[in-house]
Amino acid sequence: MIEKFRKLTIKRIENNEFPFFDTEIEKMMASELLKRKIPFVKQFKIKDKFVCDFAIPFAKIIIECDGDYWHGN
C-alpha cells in the first residue's frame, strides 16, 4: 500500500497536480539560490522513490522546504 501511494504521489508531483507547488518558502529558496548563482534543479526525482524540492547535483545536495502542509500546523 505504501509503495502504491508513493508512486501516485511522485506522479502527481511530476504532473504539477499538488496544490502546494511554489510555496512561499520554495519561492524564497529559489530566489536565494538564483541570487547566489548556485545552479539547482526544482522537483528533482531520485530513483522513482522520492522527489526533493531542490537539488544541487554537482555538490550532491538536496533541499527540502517543508512547511505547514507536511507538519500539520
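General remarks:
- Residue pairs, from the table Lys27/Lys49; Lys35/Lys60; Lys11/Lys49; Lys4/Lys27; Lys7/Lys27; Lys37/Lys60, whose Cα atoms sit over 22 Å apart: Lys27/Lys49; Lys4/Lys27; Lys7/Lys27
- Cα→Cβ-extended label distance, 7 Å offset, between Phe58 and Arg36, nm: 1.4 nm
Taken together, the values in this text are just the output of simple stated rules run on the coordinates, not laboratory data. Every value quoted in this text rests on a predicted model; they were computed, and no experiment measured them. Heads up, the Cβs are rebuilt from the backbone with ideal geometry, glycines too, and the neighbour counts pull from every protein chain shown.
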